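The values are calculated or read from the model by the stated rules, or taken from the named source; none is laboratory data. Quantities reported herein were computed from a predicted structural model and do not represent experimental measurements. As a convention, Cβ positions derive from the backbone with ideal geometry for all residues, glycine included, and neighbour counts pool all protein chains shown. These accessible areas exclude ligands, DNA and RNA; they are computed on the full protein's heavy atoms, side chains included. Shrake-Rupley method; radii C 1.70, N 1.55, O 1.52, S 1.80 Å.
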Amino acid sequence: MPLEPSASRGLELTLAVTLAVAGLGCAASPPMNRPLDDGKGAFVYDPRHGYRMDTAAGPRPGENPNSLFVGLAASGGGTRAAAFTYGVLRGLRGTKVMHAGHPTTLLDELDVISSVSGGSFPAAYYGLFRERLFDDFPSKFLYADIEGQLVCSAVNPANWPKLAYGRTDIAADLYGPLFENKTFAALPRRRPFIVLNATNMTLGARFTFTQEQFDVIGSDLDSFPIARGVAASSAFPGLLTPMTLQNFGAPAAFPYWKEDEKAVADDRDRNLERYRRAADELTYRARDQHPYIHLMDGGLADNLGARHFIDSIQRGRGSSGLLTLLQKGEVDTLVLVLANANNAYSMTNDLKVRAPGLVDVLMATGSIAMDNYTAESAMRVETTLRSFQREMMAIYREQTGDAYEDPGAKDAAVADCRLRFPVTLSGAGGAKTKIVTVYLVSLSFLDVPDRTLREKLLAVSTSFSIGKEVADEVAGASEAALKANPCFRDLIAHLP
């Protein structure tokens, strides 16, 4: 991904200062997460405590909030990605629909935002402040020279002791005022549920800032600053350092160890993905071997933010996991919007005989893997949905003796946008069947129809300083791409 010359020079200066300070041997310690206890030193597992999907209420009390389930995956990519996600959220806000007899917007029906890196800034801001996102987020973040502020913070001697244990902690301090220094306790217990994704450096696996994840390490998410979660999610390797958390060990009553042990024993040859998730989770149980956890940019494990939905469909823990909701028949329409702000690779280095500099090499080392993984994640979402469709069809045939055919499977106009499958429900009156419709809406800069604008936006650097004009163009383009997307238009035309 290309870097602007000024950004490259600023990052080189930051790196130089950091390397010089790293040898000071300062004894400072980074701020740590707090243990999950009952105030008396006893670790307690409480499935209703903390920020988790199961405690997030829907938009209308007393009604099934899952009938129309809308998820948004917000990709990484610096301020470019933040502006892209902002434009998509603005587009959802402007999409008025009727659902269950109520006038509403798709933003009001949004259930989950799973975000990575740059996409985590608008996700967390909207989670905290809702409509304020559209009033002051652009001026506070999208138009701001965040990169310049990071450089100034790094070269400020007052911050040098912090450099001894991590540049990401300086970034978290810088982001604190944006989120008014609030902790996860301040996030409303209503939807959309915000999932900030980072990467466990040792495991190479996703680490989410949810209480479900913090339960595994015996920690209390409510007391953890949101700015630190966002900073970990956007800690680009090489330029920023990992953020460190302490592993206190899961409470004795943690209910999922046996499930993990069974998956490790049974699934290595049968379901490798499930096996790896279980093996990764069991790693945290060995607290004596892993007393600390080091988190890096979420894009290293999933730069699209889509893996949350894949995991939720395949495993779906808790009463609000997608697997549980689908099997219980609570979902009529599932909508997944993938907001992919990836840009194009820069070819300028190929025009020079001089070898690329350190910053360019660091950026390429991280971003090439992230970009490749982004394409794979998008394909995995569709693969997971179609696999689940086949499973539901097989259950339907086994229980009814009839074969179900997706009416859109042979229609090229909707085959890539919409799929349907039966869910067989058992009850006192016998088995019943309902049909679930799934819409997959994938957005990227490639959807911008104007070639000149498309090429301009694809060339926007991965940095935290792109300026007002470019930020507005990116947001406007993503909003327009959403509304023009044929899958999105099909959704609007067929919403019950």
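What are the principal axis extents of the Cα atoms in the chain, in Å, biggest first?
73, 61, 43
Using C-alpha positions alone, give me the convex hull volume of the stretch 380-440 per residue in cubic angstrom.
Working: hull volume 4.8 nm³, N = 61.
Cα convex hull per residue, to the nearest whole number: 78 Å³.
Checking understanding here: applying a Kyte-Doolittle mean of at least -0.5 and a length along the axis of at least 27 Å (C-alpha), which whole DSSP H helices in the chain pass?
On the way: long enough: 358-400 (63 Å, -0.10).
Once both thresholds are applied, what remains is 358-400.
For the stretch 104-176, what is the accessible area per residue in Å² when the probe is 1.4 Å? Write out the running numbers ahead of the final one.
On the way: 2020 Å² over 73 residues.
Here the residues of the stretch 104-176 average 28 Å² of exposed surface.
Roll a 1.4 angstrom probe over the protein heavy atoms and tell me the percent of accessible area of the stretch 244-300 that is carbon or sulfur. Provide the component values of the computation, followed by the final result.
Working: 1470 of 3170 Å².
So the carbon and sulfur contribution to the accessible surface is 47 percent.
With all pairs of different alpha carbon atoms counted, what Kirkwood hydrodynamic radius in Å does the stretch 142-286 show? Don't skip to the end; give the middle numbers.
On the way: mean 1/r = 0.0586 Å⁻¹.
That comes to 17.1 Å for the stretch 142-286.
For the peptides 283-293, 82-92, 455-465, what is the packing order when you average, over each peptide's residues, the other Cβ atoms within 10 Å and list the highest mean first?
Details: 283-293: 15.3, 82-92: 27.9, 455-465: 20.9.
Put in order of decreasing packing, that is 82-92, 455-465, 283-293.
Filter Lys328/Lys483; Lys96/Lys410; Lys96/Lys432; Lys140/Lys182; Lys96/Lys182 down to the pairs with a C-alpha to C-alpha distance above 27 Å, please.
Lys328/Lys483; Lys96/Lys410; Lys96/Lys432; Lys96/Lys182
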